[in-house]
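Below you'll find the structure, written out as structure tokens, and then a few comments.
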Amino acid sequence: MAVATEVGQRIEAQYRDLERHFHHWEKIKDCIDQNIDVFENYRQSGHPGGSRSKVHMLVALTLGGFMRWDIRYPEKRFGDRFVLVAGHTIPVIYSMLAVYNTALEAKYARTRDPRYLVPNADERQLTWRDLLGFRRHGGLPGHAEMEGKTLFLKFNTGPSGHGSPPSAGEAIALKRAGAGEVKVFAIEGEGGLTAGASHETKNSAFGLGLDNLHYLIDWNDWGIDDVPTSRIVNGTPQSWFEPYGFQVHGAEDGSDWGCVTRAFLETMHAPNPDQHPHMTWFRTIKGRGYIVTGYKSHGVPHKLNSDLFWQIRKEFSDKYGTSWVGVDQPAPSDSKELRAQFEANLKAIADTITSDEELVDYLADRLVEVGE
């Protein structure tokens, strides 16, 4: 009883500390959403639904102190590993890194403090300007690749379920190397759990005692088909993992900072003497905030410069005062003009961040703090 009380007190203290920054997380989330929408609009490619549904859990994971990582030095030997199991939702990672690095660049420009620099930035720092090259030759690929500016990722992945076996492989390698305190975070949607490799990975994770393996499940009930997952796969994340020997915690509202944060805290502080692997689920909406939700948001962005696209931009403007180029206008027919508009609207998001010094200070300092 005394141990449980002590754990509860630690959770509450840490929660209260993080809660003070939820308003920053909210704006960060909104800017990540905008990046996803804007570069997918102008490239007419990508996966908006599953990218948007993962934003809350990613922001909480990376800024809440639950994952040990350094955006400046992703190669650190004892940094936690991150695997995007279904690599086609890579737009959320590109967008998150672009927002984070915008704050670092702004803080360095203002202070000239080298703590905010990314070494070899031209080759290692993903900025909003890189989003212009999404799915272009020599630019950012359409699936997750561990290289150059995306060394945050710790495995190359693509289709659903692809990254599950290597996540367990990295976890066992770390334990065998005497680095069992290094965690492996593997993010997946429920569709990817239907793959045979996921079943085998769950069995192996329990049998090998991989208490350093953390599945994070985006539970939104939709894939690419017009039939919800719950119509073809029985159960819930709890029943999909507990019988395999996983410790399970979850957030009934995966779009609420309080619920998401408490789910992470409960996972990280739960006693685990028998070395069970972990799974934390987040009940989300595929296409949250995108107007089009469910399977229709899976792999198809809004039509180029459509009314729906501009409607979401105007909602953001109403909240933050952002000025967009080409509002309510069809896309320019000239390719150079279209690219100029693309760049101007990505910069508008970056300017929304850099014009908020309090946000820049929080985000840049937090990234350095987590890294050190």
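Might you check whether a residue that is under 30 Å from D80 (Cα atoms), modelled with pLDDT of 95 or more, part of a helix (DSSP H, G or I) and out of contact with any helix residue (DSSP H, G or I) (no Cβ under 6 Å at 6 or more places or on another chain) occurs anywhere in region 284-298? The answer is no, given that none of the residues of region 284-298 is under 30 Å from D80 (Cα atoms), modelled with pLDDT of 95 or more, part of a helix (DSSP H, G or I) and out of contact with any helix residue (DSSP H, G or I) (no Cβ under 6 Å at 6 or more places or on another chain). Summed over region 211-247, the residues that are in contact with a strand residue (DSSP E or B) (Cβ under 6 Å, 6 or more places away or on another chain) and either under 13 Å from R283 (Cβ atoms) or among the acidic types (D, E) (or both) give a count of 7. Set side by side, the residues A205, A171, A186 differ, and just one is under 30 Å from V292 (Cα atoms), buried (at least 16 other Cβ atoms within 10 Å of the Cβ) and in contact with a strand residue (DSSP E or B) (Cβ under 6 Å, 6 or more places away or on another chain), which is A186. Restricting attention to region 123-175, the residues being part of a loop (DSSP other than H, G, I, E, B) and among the hydrophobic types (A, V, I, L, M, F, W, C) number 8. When the criteria are applied in full, P119 fails the requirement of being of a type outside the set (A, V, I, L, M), under 17 Å from the mean Cα position of the chain (by Cα) and either modelled with pLDDT under 95 or in a loop (DSSP other than H, G, I, E, B) (or both).
Filtering region 5-33 to residues that are under 15 Å from G287 (Cα atoms) and either free of Cβ contacts under 8 Å to residues at least 12 places away in the same chain or surrounded by 24 or more Cβ atoms within 10 Å (Cβ to Cβ) (or both) leaves only I32. Looking across region 251-261, just one residue is outside any loop (DSSP other than H, G, I, E, B), surrounded by fewer than 19 Cβ atoms within 10 Å (Cβ to Cβ) and either among the β-branched types (V, I, T) or touching a residue at least 60 places away in the same chain (Cβ under 8 Å) (or both), and that is G258.
Pick from G139, G79, G65: which is of a type in the set (G, A, S), surrounded by fewer than 24 Cβ atoms within 10 Å (Cβ to Cβ), touching a helix residue (DSSP H, G or I) at 6+ places or on another chain (Cβ under 7 Å) and more than 24 Å from A251 (Cβ to Cβ)? The match here is G139. Of all residue pairs spaced 6 or more apart or on separate chains, those with beta-carbon atoms under 8 Å, a first member in region 311-331 that is hydrophobic (A, V, I, L, M, F, W, C) and a second member that is part of a loop (DSSP other than H, G, I, E, B) are I312/G289; I312/Y290; I312/I291; F316/T322; A331/L304; A331/N305. Each residue in region 266-299 was checked for being out of contact with any strand residue (DSSP E or B) (no Cβ under 8 Å at 6 or more places or on another chain) and aromatic (F, W, Y), and 2 of them qualify.
The values are calculated or read from the model by the stated rules, or taken from the named source; none is laboratory data. These numbers were taken from a predicted model, which means no experiment stands behind them. All Cβ positions, even for glycine, are placed from backbone atoms using ideal geometry, and neighbour counts span all protein chains on display.
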